[in-house]
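These notes concern the structure reproduced below.
The values are calculated or read from the model by the stated rules, or taken from the named source; none is laboratory data. Keep in mind that what you see is a predicted model, and the values were worked out from it rather than measured. Glycine also receives a Cβ, built like all others from the backbone with ideal geometry; neighbour counts cover every protein chain displayed. Note: accessible area is taken over every heavy atom of the protein model, side chains too, but ligands, DNA and RNA are not part of it. Shrake-Rupley method; radii C 1.70, N 1.55, O 1.52, S 1.80 Å.
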There are 4 protein chains.
Amino acid sequence: MFEIGGRRIGGGNFALIAGPCTVESREQLLETARAVKDGGATMLRGGAYKPRTSPYAFQGLGQEGLRLLAEAKAETGMPIVTELMDVRDIEAVAEVADVVQVGARNMQNYTLLSEIGRSGLPVLLKRGLAATLEELLMAAEYVLKEGNEQVILCERGIRTFETAYRFTLDLMAVPTLQRLSHLPVVVDPSHAAGRRDLVGPLSLAAAAVGADGIIVEVHPNPEEAICDGPQQLRLEDFAEYASLVERAAQIAGKAFSNA
Amino acid sequence: MFEIGGRRIGGGNFALIAGPCTVESREQLLETARAVKDGGATMLRGGAYKPRTSPYAFQGLGQEGLRLLAEAKAETGMPIVTELMDVRDIEAVAEVADVVQVGARNMQNYTLLSEIGRSGLPVLLKRGLAATLEELLMAAEYVLKEGNEQVILCERGIRTFETAYRFTLDLMAVPTLQRLSHLPVVVDPSHAAGRRDLVGPLSLAAAAVGADGIIVEVHPNPEEAICDGPQQLRLEDFAEYASLVERAAQIAGKAFSNA
Amino acid sequence: MFEIGGRRIGGGNFALIAGPCTVESREQLLETARAVKDGGATMLRGGAYKPRTSPYAFQGLGQEGLRLLAEAKAETGMPIVTELMDVRDIEAVAEVADVVQVGARNMQNYTLLSEIGRSGLPVLLKRGLAATLEELLMAAEYVLKEGNEQVILCERGIRTFETAYRFTLDLMAVPTLQRLSHLPVVVDPSHAAGRRDLVGPLSLAAAAVGADGIIVEVHPNPEEAICDGPQQLRLEDFAEYASLVERAAQIAGKAFSNA
Amino acid sequence: MFEIGGRRIGGGNFALIAGPCTVESREQLLETARAVKDGGATMLRGGAYKPRTSPYAFQGLGQEGLRLLAEAKAETGMPIVTELMDVRDIEAVAEVADVVQVGARNMQNYTLLSEIGRSGLPVLLKRGLAATLEELLMAAEYVLKEGNEQVILCERGIRTFETAYRFTLDLMAVPTLQRLSHLPVVVDPSHAAGRRDLVGPLSLAAAAVGADGIIVEVHPNPEEAICDGPQQLRLEDFAEYASLVERAAQIAGKAFSNA
């Protein structure tokens, strides 16, 4: 268990981290931030740097995205979770991020992990799409060995033969990682599903299986999102979603931790 | 939605199917049957014929196992779910089974599926460990095309690269199958996990994700079980387990259906 | 090493088993049989009973297909390899088959394996699409324990996340199975690839890796084949194909075994 | 097709890249370099920076390793293939490397790929252990879009359910990648196998399937290797190995390209 901007995670405390996939504009980010805060979210997520399979796809707003996240944090008071891809951006990201996210593609980017370890910033480390739990724990060890113990593990779906969904969410990873380590384990239902109608059921399942939190994508207008629109929840559905997730988390003995 | 021995499954009705992996003796079966009935189970499971990877492993009590299942049914009134492996045993199994189980290894045993289709008996069809959802639905079609519409689909874990557990339970299959077909979908958390401490969390997750039921293994003395002891729940823990599962099912809008 | 209709397999002897996916007609089968024999094939394959994912797909000519295979055998003298799916057809199949094929879907159909074991007929046992090598060897054990030692193992592609081909041919299985057992190991490049242009390169790789044989699909007119047309080699290309395979097998120390 | 230090790769030219997993000492590297050159290798491989799953494992000799590689290159004239992990080391690596290797874990490290693209150095890009061929080609695109067209793709085994070997070598990737792109495709049999006795058969298979080259690990004394000893070929076996690989490559229409 540790604390991020006044919110606890682990040890019975559940984190609901919500926000857009990508920071697209001031309006989009602030509208989302206010709504997810009102709906019960405990932290705000949003990508300024986006890893993309194709070099020709939108790569994020970069510095401008970080500036907008700082503004959202100032207004709502919510801690910020945002991704770092290039070790040379660490100082800029550290100015606004309360939690640095390391994406699945970078789970074994040891240079990045070691530098974040040295920075002392809390990390949300996503499992690689074909990484064993042992490899995930070993990747976390690259951060821990620098004396930084604020690592949150994140299950976000693994690659299997099934083509009916983008990835296969592995919820067995949650209790297994909790047994093997003391680190909090959260679940990302949005990227696994790739489609909105699965995000609700998977979030309830994640909370019921005992996850220490969920990181979920929400957008004021998913049809016009720059990336991953089909998997982002609608703002107007968020409050009811959060309340169901809270009930499922209670069955597993967890309570939302708001500041 | 359809009815099996007075219990409904599908359409908001949740089936909790519990019992030993294998029928081992009269005492073991009857003690388990009474306890799971008292704990809230809606049907009784138990294997008389057991498919085993090795030809040298215990293959089940066979006819004697069926006789004991008939006795447990007479005493408790619970419908019986038991596996059929050899098409030549269908008449003997049909005398006691309310639901014929087809195991993962036989999901594409078309001879077996067609004969069960013709028998008119309800079927619980387990997903093969590397079967796509489309292949599972096509296998169900071998039963349906004989005019038998009482097919229950069962997710029981798929094979992935992860070696921390026997199989990876794919809970995304539940809402996806429910969207693609009208058939009820149940989850087997015991075989996926292979270890007792995961069965509880996975069962809550299965109920929360919206499954129409769970088929779970319970044993009065798992340490002495002939097979799969480590994954069977203890009888004394069953009532509390069932009550948590019921709470999780309620969040997904389902109620237990007892006669 | 053992002998099938005068052809040896194992111990330095390479079997080239060729023929159509499905027996479609007298002309199609006899034309193919003559051409593959002239091209260097050592046995003739052809399906009379076809396991199909959908119950509405063509299921094979059945008894009529067996009769045509008997005719092709009488004319060319080549041993026949054909699939058995339903244990109740074993006597009919045994009348014409020199080798009974058990398909990937039936690898763990223990009823079928035990009966074939008792029949004493040579078996070509395909690896299930998610079966470990240990499970394949255990399935073979169901035949061997009946006193029938003429089992040929067959690698035909496993299911992975890659969608660029139907299955992923696992050629590491060949030397590994040969190290773990004394049984000959053949490779089916046709089903893994699902496309003709890959069948040649994969066949050379299979021979070079040390396989004891190849089972390959050939059709006089693949565009009009009832099933799997795109993966079947053209008759006119077979002789050149066989001669390249023979060169690759020689590097691995194997020679074609013709009667 | 392009040229690296006078050796061509692609378009009928086969590269045999050999050397130790890790540069351990002056003696180890020079002895290996001389022997593989005499045996027929066309380029020398050796790791100065090693990505390791555990942060507590040996991480390579670093700068000292690069210096030794420069010495081996000066003595033997062979082009050097060595791995780059940290973008901040690119200048030091560029001083000695003729080909920069990007490991499987860094296949989607877009920062690294873009910088190597800008450097103009030839790249050997390994497929991630769960990367689709499309993702591999997209990763190559991060290099190509900087105007650097000297990209060699490398199949090194994917992660599957099979536990009998470390990875499953996917040789279907070779002809498929060659059809989808104009880039040369080489195979690494050492990492897939993880054991020496498989490296020979897999190398023959790779050459027979039409690969444009092989990158293989060789050590003068594998029992004392710092890492991956069990998979490294023995120096004394290399010449015979290379001559068998050459025969297999010839069947696929390729010739070794020595300066």
(message) Against the conditions (1) over 21 Å from C:L198 (Cα atoms); (2) polar (S, T, N, Q); (3) modelled with pLDDT under 95, where does C:Q101 fall short? Just the number, please.
(response) (3)
(message) Which count do you get for residues in the stretch C:183-196 that are farther than 14 Å from C:L125 by Cα and touching a residue at least 40 places away in the same chain (Cβ under 8 Å)?
(response) 2
(request) Sort out which residues of the stretch D:121-169 are among the polar types (S, T, N, Q) and in a loop (DSSP other than H, G, I, E, B), and write them in order of number. (result) D:T132, D:N148, D:Q150, D:T160, D:T163
(message) Here is a list: D:I215, D:I226. Which entry is more than 14 Å from chain C (Cβ to nearest Cβ) and buried (at least 23 other Cβ atoms within 10 Å of the Cβ)?
(response) D:I215
(message) Quick check on D:G213: is it modelled with pLDDT of 95 or more, in contact with a His (Cβ under 8 Å, 6 or more places away or on another chain) and closer than 24 Å to C:A252 by Cβ?
(response) no
(message) D:A225 - would you say it is among the aliphatic types (A, V, I, L, M) and touching a helix residue (DSSP H, G or I) at 6+ places or on another chain (Cβ under 8 Å)?
(response) no
(request) Mind telling me which of the residues B:T168, B:T176, B:T163 ends up being modelled with pLDDT under 95 and among the polar types (S, T, N, Q)? (result) B:T163
(message) Would you confirm whether or not the stretch B:131-148 contains a residue that is more than 13 Å from chain C (Cβ to nearest Cβ) and open to solvent by 10 Å² or more (accessible area, probe 1.4 Å)?
(response) no
(message) Just checking, does the stretch C:157-166 include any residue being facing chain B (nearest Cβ under 10 Å) and small (G, A, S)?
(response) no
(request) Considering each residue of the stretch A:163-173, count those that are open to solvent by less than 10 Å² (accessible area, probe 1.4 Å) and of a type in the set (D, E, K, R), and give that number. (result) 1
(request) Find the residue count for the stretch B:121-130, including only residues that are crowded, with 24+ Cβ neighbours inside 10 Å and within 7 Å of another protein chain (Cβ to nearest Cβ). (result) 1
(message) Tell me yes or no: at least one residue of the stretch C:195-210 is among the hydroxyl-bearing types (S, T, Y) and out of contact with any Gly (no Cβ under 9 Å at 6 or more places or on another chain).
(response) yes
(request) Give the residues of the stretch B:90-107 that are open to solvent by 30 Å² or more (accessible area, probe 1.4 Å) and either assigned to a strand (DSSP E or B) or within 9 Å of another protein chain (Cβ to nearest Cβ) (or both), sorted by residue number. (result) B:R105
(request) Tell me which residues, restricted to the stretch A:184-205, are in a loop (DSSP other than H, G, I, E, B) and either surrounded by fewer than 24 Cβ atoms within 10 Å (Cβ to Cβ) or within 9 Å of chain B (Cβ to nearest Cβ) (or both). (result) A:G194, A:R195
(request) Identify, by number, the condition in (1) in contact with a helix residue (DSSP H, G or I) (Cβ under 9 Å, 6 or more places away or on another chain); (2) on the phi < 0 side of the Ramachandran plot; (3) within 14 Å of chain D (Cβ to nearest Cβ) that A:G62 doesn't meet. (result) (2)
(message) Tell me the residue from D:E3, D:E31, D:E71 that is at negative phi, open to solvent by 30 Å² or more (accessible area, probe 1.4 Å) and without any contact (Cβ under 8 Å) to a residue 40 or more places away in the chain, please.
(response) D:E3
(message) Return the pair list, or none, for Cβ contacts closer than 8 Å from residues in the stretch A:118-131 that are touching a residue at least 40 places away in the same chain (Cβ under 8 Å) to residues that are small (G, A, S), at least 6 apart or on different chains.
(response) A:K126/A:G103; A:K126/A:A104; A:R127/A:A104; A:R127/A:A173
(request) Select from the stretch D:229-246 the residues that are closer than 25 Å to D:S25 by Cα and either open to solvent by less than 10 Å² (accessible area, probe 1.4 Å) or outside any helix (DSSP H, G or I) (or both) and write down the one among them that is modelled with the lowest pLDDT. (result) D:G229
(message) Here's a check for you: in the stretch A:74-88, which residue that is at pLDDT below 95 and crowded, with 17+ Cβ neighbours inside 10 Å is nearest to the other protein chains (Cβ to nearest Cβ)?
(response) A:D86
(request) Please specify each residue of the stretch A:109-120 satisfying the condition of being open to solvent by 30 Å² or more (accessible area, probe 1.4 Å) and either assigned to a helix (DSSP H, G or I) or polar (S, T, N, Q) (or both). (result) A:E115, A:R118, A:S119
(message) On the basis of being among the hydroxyl-bearing types (S, T, Y) and modelled with pLDDT under 95, does A:T132 make the cut?
(response) no
(message) Considering only the stretch B:36-57, I want to know if a residue exists there that is part of a helix (DSSP H, G or I), closer than 14 Å to B:L235 by Cβ, open to solvent by 20 Å² or more (accessible area, probe 1.4 Å) and in contact (Cβ under 8 Å) with a residue 12 or more places away in the chain.
(response) yes
